[in-house]
Structures are given as structure tokens and as C-alpha cells.
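The values are calculated or read from the model by the stated rules, or taken from the named source; none is laboratory data. Bear in mind that the values here come from a model prediction, so they are computed numbers and not experimental data. When we count neighbours, we look across all protein chains shown, and the Cβ atoms used for this are built from the backbone with ideal geometry, even at glycine. To get the accessible areas, we keep the full protein, side chains included, count just its heavy atoms, and leave off ligands, DNA and RNA. Shrake-Rupley method; radii C 1.70, N 1.55, O 1.52, S 1.80 Å.
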Amino acid sequence: MSTLKFAVLAGDYIGPEVMTEALRVLEHVAKQDGFSLEYQKADVGGAGIDNHGKALPDSTLALCEKSDAILFGSVGGPKWEKLPPAEQPERAALLPLRKHFTLFANIRPGLLYPELTDASPLKTERIPNGIDIVCIRELTGGLYFGKPKQTTTLPDGDVQAIDTMVYRKSEIERILATAVTTARARKNKLCSVDKANVLETSVLWRKTVVDYIAKNAPDIELSHMYVDNAAMQLARDPNQFDVFVTENMFGDILSDEMAVICGSLGMLSSASLGAGKNSLGLPFGLYEPAGGTAPDIAGKGVANPCAQVLSGALMLRYSFGLEKSAARIEAAVRKAVTSGTRTGDIAFGRPSVGTKAMADAIIAAL
Ligand code: IPM
Ligand code: MG
């Protein structure tokens, strides 16, 4: 029987609530499918600051180092907002984790089940069959990490802040490899999103994409789009994309837009993969829901656990090679969310179905 060794970093506010339920679902699947879980929990984000004096405690990083994957909750919130920006949970925990493990490939599925199309702010006639697209976001480059990154007072007394947008060709090529693999597993269609009419990094991005696809993946139907147009097209006809690939900041913004058109932030999972392999020879990855810590509903037992559960499914798929178990979880979530009176409720965190009840429904559907 195989044993899955992973780190559980639940984080803040609703993080631990939805994590508890995700672990319960994973335990259930493990029992049914004949594997066992050996996870260890550690503080991260605000919990790290409160209990260890820093957002990414050394002990937490050490645990991640010896794990085969990280199941992540979410970090940050009003309690730590007064700290200097560079010490806040998001910048001091999540970004360093991504960088430390070179998790450059962020895969964010945008899925809206056909049964729930009325939950999207888009008109149902634009998405009669729901939404099924994937955002591939470059995660360790661009404006988030480029140097210099600083605020200075100028000789004339004015204050100036600088973020630097940097990309190397090799960084673009490696995210393209992920994009191509993803596109090949779907419809062989890939849209590259950039701002090549303005940005130098985007000019390099586009040239690299053209050359890379011509050389390595001529079977892929490739298109290019400027990011402003992509934002508009996502709202107009999201399914035209199938798979899109873009740089860090554009991907951050477009993936939130994707989340909202898919009806609920509480449904979107994500996988962040790097070049590193775990002890099984599979990709080491960090798996996290896209919705954030939702401080407004924390402690009420109403947060939607689906995104955390689905992130667990992605972990089984990519870092542990358990495709069948992953697909079973995904099917169970779909069934639980769309069946009977639950339709739509959970997706939107309506209190009529609580966090625990939702996980119970998923377990019942397994
Ligand atoms: C995300 C989040 C993070 C990001 C924040 C919390 C730093 O918005 O994962 O999309 O900008 O990458
Ligand atoms: Mg974001």
C-alpha cells in the first residue's frame, strides 16, 4: 500500500476550516482506493507570524523540503494588514514558497458545470454548456520577482516606487512546455496572452512562443491575444480559449476574472508545479484553492470547501500519479454540487449548506 507524504499548510481564516474537510475527503478516498496518508501540519502566513514570528517559519519550510507535495490553504487577512508590506503573509510566505521550490507553472482550471450556468454573471446563452477552460500562469517571474523592487525618496523630495518586469527566454520556454502538455491533453488549442504592442518582455514572450511551437509542437493550433482583449473575450465567449498561457501578473488578473465567470471563487483549485521531482519521481507541487482566506465568513462554517477538495484531487493526480482517485473526487464534487436541492447553493457559499455538510455530500457521492 502506498503512503502519501505531504505537508498541510492550512493558513488563516477559512483556510483551516476548508482544509479539515478536504483532509476528511482525502482520508475517505484513501481508504476506498487502498493508499494511506501521512501528512504533517505546519503554520504558515498569519499563523506563522503569530506563533513563530514569521510568515514562513524555518520549521515549515523544512517540513515542505522533506514532503512529496504541499497542500496549501490560504493566507493573509485584516489581522496582519498593518505590518510592513514585505512582511505580510502573502508576500512573506506564499511568494517565497513558490520561488524556493521554483514552482513556475500554475495550472488553474476554470470549470463551470452546465447545471450551474445560472450562477455565472454571464448570460446562460453565452455559455449554454458551462465553462471548461484552463489558465496556465507563469508563477516565478515578471513583476512579482524582478529586481530592483524598491521605494526611494528622490533628491527633489518626491517618492518613487519601482517594480521590474523581467523575463528570460528560458523561463518562457519552460512554461510553454507545461502549456503544450496541457493543450495536448485537451483540444490541442493554445492562446498566448501578452502585451506585445507595449512591453519589451511581451515582445520576447511572443517571439519565443512562435519559435517554440514551430519547433516543438507544430500540432498545436496557436493564437495570440493582447491581455486587454483577452479580458474582454473572457467575458464575451470564454470557451473560445480552451487553454491560455500568460505571464505572472496577467495570469493573476485573468484567473480572478475566470473565477468569477465560473460562478464562484469557492470552486476553483490550482496546482503549482516546478522542475523539481518528489521522492516518487513525480512533480513536486503546491496545491491551493484560488479563493483566498474570506475573513468575512470565517468561523461561520459556511465556506465552500470544494476548491480545497479539488486542489487535493490535483495533488493526487500530479504529485502522486493517482489519476483514478483524482477523477473520482472531481466526479463526486460535481455530483454533490449539482444534485437535488444543493444546485447552486454551495457554489455560492449560501449558508443553507455548510462546509461540513458539503464535504459529507462529497463523501456520500464517492
Ligand atoms: C493568487 C493570489 C496571490 C498572487 C497573492 C495572494 C500573492 O492572488 O494566487 O492569485 O497574486 O499570486
Ligand atoms: Mg490572484
With -39,500 (n - 2.57) per DSSP H segment of 4 or more residues and division by the full residue count of the chain, the 222 nm estimate, nearest 500 deg cm²/dmol, is -12000 deg cm²/dmol
For Lys147, counting only lysines whose alpha-carbon sits under 18 Å away and dropping same-chain residues fewer than eight positions off, the answer is Lys99, Lys169
For 274-285, 152-163, 174-185, ranked highest to lowest by mean beta-carbon neighbours within 10 Å, the order is 174-185, 274-285, 152-163
Between Leu199 and Gln240, the two model label points (7 Å from Cα along the beta-carbon direction) sit apart by a distance in nm of 2.1 nm
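Please calculate how many Å² of accessible area the stretch 121-261 carries per residue, with a 1.4 Å probe and no DNA, RNA or ligand atoms counted.
Details: 6940 Å² over 141 residues.
It amounts to 49 Å² per residue over the stretch 121-261.
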Here the gain from full extension of Ile162 to Asp118, 0.36 nm per residue of separation minus their alpha-carbon distance, amounts to 11.6 nm
For the stretch 1-152, averaging the sequence separation of alpha carbon pairs under 8 Å that lie six or more residues apart and dividing by its residue count, the contact order in percent is 22 percent
With R₀ set to 25 angstrom, the calculated FRET efficiency between the beta-carbons of Ser339 and Arg186, to the nearest 0.05, is 0.45
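Find the relative contact order for the stretch 121-261 and round it to a whole percent, using C-alpha pairs within less than 8 Å whose residues are 6+ positions apart.
36 percent
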Ranking Ser59, Ser264 from most to least accessible area with a 1.4 Å probe gives Ser59, Ser264
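Relative contact order of the chain: what whole-number percent is it, with Cα pairs under 8 angstrom and at least 6 residues apart? Before the final figure, lay out each step's value.
On the way: 773 pairs, mean separation 76.8, N = 366.
It rounds to 21 percent for the chain.
His100 to Lys215: extension gain in nm, 0.36 nm per residue of separation minus the Cα-Cα distance?
Extra length from His100 to Lys215 when fully extended: 38.3 nm.
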Once Thr152 and Glu173 are pulled to full extension, the length gained, defined as 0.36 nm per residue separation minus their Cα-Cα distance, is 4.1 nm
